[in-house]
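Pasting in a structure now, in structure tokens, and then I'll have a few things to ask.
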Amino acid sequence: MSDTKIEKTAPFSGKVRVRACGILVKDRKILLLRHHSIGPRRYLWSPPGGGVLFGQSLHETLRREFLEETNLTIDVGEYLFTNEYIDNQYHAIELFFTVKYCSGKLKLGIDPELSSSDQILTEARFLSCQEIEKIPKDALHSIFSSTSDWKEILNIQGLITFNAY
């Protein structure tokens, strides 16, 4: 692991982090964000979402995160499932919801927990099934490893645990 990765992601490591994440499907494509300096390939495509702040509901968190990261205003829909991710640096409890687009033009935003010089978000795009299939599995969020087709993510229920140890 490089020092750059540790510095850029330090606010997220060494503690349990509760996250609210959203699945936004538009025109049969799913919205994903590309993060650099994460994972074995040094990049990772993941649905938008982020850490729950003290006193903020999951729905409020998800609306805030979408606006910060994508410039989109959304309505939070149905609760889908919980994903638990554990490796030697991170432990995330992620609650996934469907979300509905309300307004805004997709534009890559920022992660306010990181300094302007340490941003890890590099791209925001709606990806088709064919585009997702071309991405190596270890460069996709762990929820994609539990399905053969990304559309099946909308049918997952319960708890998924991905232990990278």
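Determine which lysines satisfy two conditions relative to Lys15: a Cα distance under 21 Å, and not lying fewer than 8 residues away in the same chain.
Lys5
Something else: Using C-alpha positions alone, give me the convex hull volume of the chain per residue in cubic angstrom.
Convex hull volume per residue, Cα atoms: 110 Å³.
Return the single residue from Thr70, Thr82, Thr147 with maximal mean-square fluctuation; model: Gaussian network over the chain, springs between Cα atoms under 10 Å.
With Cα springs under 10 Å in the chain, the top fluctuation among Thr70, Thr82, Thr147 is at Thr147.
Here's something else I'd like to know. Pick from Ser116, Ser146, Ser13: which residue has the top mean-square fluctuation in a GNM of the chain where Cα pairs under 10 Å get a spring?
Comparing Ser116, Ser146, Ser13 in a Gaussian network model of the chain, the most mobile one is Ser116.
Carbon and sulfur: what percent of the chain's accessible surface (1.4 Å probe)?
52 percent
Any idea what the dipole of the chain comes to, in debye rounded to 20, about its Cα centre with Lys/Arg Cβ at +1 and Asp/Glu Cβ at -1?
Charge dipole of the chain: 320 debye, to the nearest 20.
Still on this structure, please answer the following. Pairs Lys26/Lys107; Lys26/Lys100; Lys105/Lys134: which are spaced more than 19 Å apart, C-alpha to C-alpha?
Check vs 19 Å cut-off fails for Lys105/Lys134.
List the trypsin sites (Lys or Arg not before Pro) in the stretch 37-104 that DSSP assigns to loop (not H, G, I, E or B) and whose Cβ has at most 15 other Cβ atoms within 10 Å. Which are they?
Counting only loop positions with at most 15 other Cβ atoms within 10 Å, the trypsin sites (Lys or Arg not before Pro) in the stretch 37-104 are Arg41, Arg42.
Roughly how many Å² is the accessible area per residue of the stretch 50-146, as a whole number, for a 1.4 Å probe?
With all protein chains present, the stretch 50-146 gives 50 Å² per residue.
Which residue fluctuates the most in the chain, going by a Gaussian network model with Cα springs under 10 Å, if the choices are Leu108, Leu24, Leu53?
Among Leu108, Leu24, Leu53, the largest GNM mean-square fluctuation belongs to Leu53.
Give me the percent relative contact order of the chain, please, defined on Cα pairs under 8 angstrom at least 6 residues apart.
Contact order relative to length: 29 percent.
The values are calculated or read from the model by the stated rules, or taken from the named source; none is laboratory data. Bear in mind the structure is a predicted one, so any value in this text is a computation, not a measurement. FYI the Cβ positions are ideal-geometry reconstructions off the backbone, even for glycines, and counts take in every protein chain you see. All accessible areas refer to the heavy atoms of the entire protein, side chains included, with ligands and DNA or RNA removed. Shrake-Rupley method; radii C 1.70, N 1.55, O 1.52, S 1.80 Å.
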